[in-house]
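To start, the structure under review is shown below, and the notes come after it.
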Amino acid sequence: MKRGDIRKSVQKVLFFSKWKRKSYSVFQSMNRVVLISVLSINYFLSVPAKAIEIVDTTEVKLEYDLDEIEISAQRSPALYSQVARIVSVIERKEIESYPAQSVQDLLEYVAGVDVRQRGTEGVQADVSIRGGTFDQTLILLNGINITDPQTGHHNLNIPVSLSQIERIEILEGPAARVYGPNAFSGAINIITHQPESNLTKFIGTGGSYGYFDGDLSGSVLTGKFQHSVSLNKKRSDGYIDNTDFDIFSLFYSNKLEISKGKMSFQVGYSEKEFGANSFYTPKYPNQFEEIKTLISSLKWESNSKLHLTPAVYWRRNNDRFELFRDNPPSWYTTHNYHLTNTYGGNLNSWVQSILGKSALGIEFRSENILSNVLGDELNSPVNVPNEDAIFTKSKTRNIVSGFFEHVYYSTKLTVGAGVLSNYISESKTGFNFFPGVDFGYKILPSVNLFSSFNTSLRMPTFTDLYYQG
């Protein structure tokens with residue numbers, strides 16, 4: 001270091017000039033104050049402007065990944081950037097960063113989605129979109145309709161823990177021509193993660209009031225199959241009287257990919273027992289409910305020029321509601337028992353050409369209930385499984401839906417149009433048609449203009465049709 005002008009003071013100050021490249025130079029600065037602020041000025045002046053440009057690689061990557069996500073916002077698969085609808089996507093990185101303990105917690109972060117939770121940890125919640133009701137929102141698990149026909153209160157009885165969720169897609173606005181009846185104000189599609197390697201993970205949490213949350217998940221590859229399984233247990237004694245809960249869920253899925261297509265299977269079971277303190281009315285704070293839900297489906301997706309996607313599914317929900325958990329009055333003689341079985345199948349097909357993508361599909365769905373409160377009188381009562389009670393009422397309805405849609409894409413323009421034809425048994429209106437059209441134009445790379453016109457319908461739940469209170 002070259003010695004500069006040294007001013008006499010209480011403490012000697014050395015003004016830095018330049019490096020001398022001598023082995024002993026550094027010793028000349030010992031026990032002295034060295035002013036080197038001029039170094040930073042010379043550095044920035046000597047570096048080209050391009051070299052100091054800072055690029056936020058995280059932000060760029062997130063934007064790129066989001067554009068390339070294939071979502072289910074129309075009858076044929078489409079990239080996020082191609083959809084001319086308002087779609088919100090919660091990705092895996094966001095799920096891990098949010099302070100959420102359940103799917104219900106995650107949905108509260110989406111604009112336009114209203115979540116009314118009863119209790120914590122996903123005990124029970126109602127979800128609505130764009131001012132609709134909890135009975136006007138369709139819920140899907142990996143594209144399979146798992147909406148409960150008894151009441152929308154049970155729509156989020158999903159046997160999937162947060163560790164299994166890859167992303168959540170929220171389609172705002174009427175979506176009947178995409179998903180069928182009950183997608184009146186929107187639809188929520190929960191997509192689970194299918195790991196591509198062998199792994200095991202456990203997450204455990206404990207707290208006051210006897211709180212425990214344990215989540216065990218794992219995946220394994222066997223040949224061309226990818227298996228994934230998760231087990232979750234939550235419980236608490238409750239922070240006030242009659243707010244205890246005990247939740248168990250088990251979910252298994254597998255995927256087989258071959259040259260001709262992909263097959264996916266899923267099955268899940270959840271069991272909830274909880275004190276329903278003032279859940280439905282503050283007049284009776286000592287309510288209790290037990291819910292058991294089973295969900296299963298099998299789907300195939302072909303890779304041929306004419307893409308075919310057949311799927312079959314079954315959902316079973318058993319609900320026991322106690323207006324008085326203990327010490328019931330003399331006029332209260334029995335609890336409410338409901339057993340619903342929903343099963344169906346659909347076939348979706350689409351083909352791509354220079355004019356865009358054309359999709360055609362058909363779906364059959366059967367909704368059935370046994371109850372001692374809801375439905376028409378049975379000729380012969382049916383015993384409630386594992387209970388000292390009987391079902392005295394029942395109801396069955398079948399829904400047949402047909403779909404057609406065509407979407408045209410260009411560099412900046414997206415135009416889609418389609419129609420749903422729907423028939424409901426027990427209805428005197430016959431077939432009804434629900435058309436819709438979507439328009440999207442990319443003004444700038446980061447600015448899109450959307451406009452859409454869609455019609456939709458909602459079938460009343462069995463509670464809507466028969467409950468008297």
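What the table below lists for this structure:
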{"read-out": "Hits in segment 184-215 - residues which are modelled with pLDDT of 90 or more, within 20 Å of LEU141 (Cβ to Cβ) and either open to solvent by 70 Å² or more (accessible area, probe 1.4 Å) or assigned to a loop (DSSP other than H, G, I, E, B) (or both)", "value": "PHE184, SER185"}
{"read-out": "Options GLU387, GLU367, GLU377: the member that is in contact (Cβ under 8 Å) with a residue 12 or more places away in the chain, out of contact with any Ser or Thr (no Cβ under 7 Å at 6 or more places or on another chain), of a type outside the set (Phe, Trp, Tyr) and closer than 25 Å to ASN318 by Cα", "value": "GLU387"}
{"read-out": "The lone exception for GLN150 - which of (1) over 14 Å from the mean Cα position of the chain (by Cα); (2) in contact (Cβ under 8 Å) with a residue 60 or more places away in the chain; (3) assigned to a strand (DSSP E or B) it fails", "value": "(3)"}
{"read-out": "Lone unmet requirement of (1) closer than 18 Å to VAL160 by Cα; (2) outside any strand (DSSP E or B); (3) open to solvent by less than 40 Å² (accessible area, probe 1.4 Å) for GLY132", "value": "(1)"}
{"read-out": "Residue within segment 89-112 that is more than 30 Å from LEU465 (Cα to Cα), in a strand (DSSP E or B) and within 16 Å of the chain's Cα centre (by Cα) present", "value": "yes"}
{"read-out": "Pairs where the first residue, in segment 402-429, is within 16 Å of LEU449 (Cα to Cα) and of a type in the set (Ser, Thr, Tyr) and the second is open to solvent by less than 50 Å² (accessible area, probe 1.4 Å) and assigned to a loop (DSSP other than H, G, I, E, B), C-beta under 8 Å, 6+ apart", "value": "THR414/VAL83; THR414/ALA84"}
{"read-out": "ALA73 being open to solvent by less than 20 Å² (accessible area, probe 1.4 Å) and modelled with pLDDT under 80", "value": "yes"}
{"read-out": "Where GLU271 falls short, out of the listed (1) in contact with a Leu (Cβ under 8 Å, 6 or more places away or on another chain); (2) free of Cβ contacts under 8 Å to residues at least 60 places away in the same chain; (3) under 15 Å from ILE158 (Cβ atoms); (4) not small (Gly, Ala, Ser)", "value": "(1)"}
{"read-out": "Options TYR269, TYR239: the member that is open to solvent by 60 Å² or more (accessible area, probe 1.4 Å), closer than 26 Å to ARG325 by Cβ, within 26 Å of the chain's Cα centre (by Cα) and of a type in the set (Ser, Thr, Tyr)", "value": "TYR269"}
{"read-out": "Strands (runs of 3 or more DSSP E) fully within segment 250-355 counting 2 or more residues that are under 30 Å from ASP388 (Cα atoms) and among the aliphatic types (A, V, I, L, M)", "value": "261-276, 287-302"}
{"read-out": "Contacts under 6 angstrom Cβ, first residue in segment 327-342 being touching a residue at least 12 places away in the same chain (Cβ under 8 Å), partner among the hydroxyl-bearing types (Ser, Thr, Tyr), 6 or more apart", "value": "HIS338/SER371"}
{"read-out": "Selection count, segment 416-469, where residues are hydroxyl-bearing (Ser, Thr, Tyr) and part of a strand (DSSP E or B)", "value": "5"}
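Conditions tested, residue by residue: (1) open to solvent by less than 10 Å² (accessible area, probe 1.4 Å); (2) among the aliphatic types (A, V, I, L, M); (3) within 30 Å of PHE202 (Cα to Cα).
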{"residue": "LEU138", "(1), (2), (3)": "yes, yes, no"}
{"residue": "ASN145", "(1), (2), (3)": "no, no, yes"}
{"residue": "THR151", "(1), (2), (3)": "no, no, no"}
{"residue": "ARG167", "(1), (2), (3)": "no, no, yes"}
{"residue": "PRO174", "(1), (2), (3)": "no, no, no"}
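This table checks each residue for (1) open to solvent by 60 Å² or more (accessible area, probe 1.4 Å); (2) under 30 Å from the mean Cα position of the chain (by Cα); (3) at pLDDT below 95; (4) under 30 Å from LYS292 (Cα atoms).
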residue	(1), (2), (3), (4)
SER353	yes, no, yes, no
TYR409	no, yes, yes, no
ALA417	no, yes, yes, no
THR429	yes, no, yes, no
TYR441	yes, yes, yes, no
MET459	no, yes, yes, yes
LEU465	yes, yes, yes, yes
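The values are calculated or read from the model by the stated rules, or taken from the named source; none is laboratory data. Being a predicted model, the structure only gives us computed values, none of them experimental. All Cβ positions, glycine included, derive from the backbone under ideal geometry; neighbour counts span all protein chains shown. Heads up: the accessible areas ignore ligands, DNA and RNA and are worked out on the full protein's heavy atoms, side chains in. Shrake-Rupley method; radii C 1.70, N 1.55, O 1.52, S 1.80 Å.
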